[in-house]
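Visitor: The structure that follows is given in the form of structure tokens.
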Amino acid sequence: MKVLVIGAAGKTGRAVVEQAVSAGHQVTAFVHKADEYEVSDVRVIEGDATDSATMDAAVLGQDAVLDTIGGKTPYKETTLESSAANTIITAMQRNDVRRLVVTSMISEGDSEANTTFYERLLVSTFLRGADKDKAAMESAVESSGLDWVILRPAILTDDPAKGNVRVFDPETGEKAHKITRADLADFMLAQLSSNEYLHQAVTIANS
């Protein structure tokens, strides 16, 4: 597939790009600064993810879009993710690209039931700015009319992949603890060809 990875220079974005290339996808990496991004076998587009003209050019001809954008100062009030999501959605609608997979975070929506005490504390302090922005981003995606999947990972680690990802049911109240970025990337790419979680926001973790 022709896949656009937005936020490709971030830790999660890099994992997604690496695995997408390994899987044989034709990858376009959307980054803020191209001169700081050196990855082989990918097409690179530099720009602001909230700029409609740049995003139109990036989305044109793609089969799917993977949004891994995350702010560097999640404790500050921001509209980066929600603004970018609206720009991405508009570009996808205009260019007839249907599949959108985005990363959010645990504690959003009904995933609060699967959130540990430590995660709640983290969200209310260090992630307090990102929390509101991700909620607005999710709302935009859910009302987009696209073929979307929202992933709400537990606390992210840079550990080697464990090779297993669990989807947590909020009705059970079972707590989701951690997930490696490599496993998140693998699960994210799996959504390109699966409709199992289409039009759903799912909470995921290794354990």
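The values are calculated or read from the model by the stated rules, or taken from the named source; none is laboratory data. Note that the coordinates shown come from a computational prediction; the quantities given were computed from them, not determined experimentally. Here the Cβ positions follow ideal geometry from the backbone for every residue, glycine too, while neighbour counts run over all protein chains shown. The protein model used for the area step is the full one, side chains on, heavy atoms only, and it has no ligands, DNA or RNA in it. Shrake-Rupley method; radii C 1.70, N 1.55, O 1.52, S 1.80 Å.
Visitor: Filter the chymotrypsin sites (Phe, Trp or Tyr not before Pro) in segment 1-75 down to the DSSP loop ones having no more than 13 other Cβ atoms within 10 Å, then list what survives.
Guide: Answer in residue order: Tyr75.
Visitor: Take the Cα radius of gyration of segment 125-207 and divide it by 2.2 N^0.38 Å, with N its residue count; two decimals is plenty.
Guide: 1.12
Visitor: Nearest-5 percent of antiparallel DSSP beta bridges in the chain? Working shown, then result.
Guide: Working: 3 of 34 bridges.
That works out to approximately 10 percent antiparallel.
Visitor: Within 10 Å of each candidate Cβ there may be at most 12 other Cβ atoms; applying that plus a DSSP loop requirement, which trypsin sites (Lys or Arg not before Pro) in segment 15-92 survive?
Guide: Sites meeting the loop and neighbour criteria: Lys33, Lys72, Lys76.
Visitor: Between Thr180 and residues 5 or more places away or on another chain, which pairs have amide H atoms under 5 Å apart, with H built 1.01 Å from N, and which residues are they?
Guide: Result for Thr180 returns Thr157, Lys162, Asn206.
Visitor: Which aspartates and glutamates does Lys132 reach when only Cα atoms under 18 Å apart count, and residues fewer than 8 places away in its own chain are ignored?
Guide: The qualifying aspartates and glutamates are Asp67, Glu77, Glu81, Glu108, Asp110, Glu112, Glu119, Glu142.
Visitor: Which percent of the accessible area of segment 1-93 is formed by carbon and sulfur heavy atoms (probe 1.4 angstrom)?
Guide: Details: 2070 of 4500 Å².
Carbon plus sulfur share of accessible area: 46 percent.
Visitor: Oh, and also: Would you calculate the separation in nanometres between label points at Lys132 and Lys162, each defined as 7 Å from the Cα along the Cα-to-beta-carbon direction?
Guide: Here the answer is 3.3 nm between the modelled labels.
Visitor: Between segment 185-207 and segment 18-65, what is the separation of their alpha carbon centroids in Å?
Guide: 21
Visitor: Return the long-range amide H neighbours of Arg152 (sequence gap of 5 or more, or a different chain), with a cut-off of under 5 Å between placed amide H atoms.
Guide: Amide H to amide H, under 5 Å and 5 or more residues apart or across chains, Arg152 pairs with Ser104, Val202, Thr203, Ile204.
Visitor: Turning to a different aspect of this structure: Would you please name the GluC sites (Glu not before Pro) within segment 76-171 that are DSSP coil residues with at most 15 other C-beta atoms within 10 Å of their C-beta?
Guide: Glu77, Glu171
Visitor: Turning to a different aspect of this structure: For segment 1-158, report the accessible area per residue in Å² (1.4 Å probe, heavy atoms, rounded to an integer).
Guide: 46
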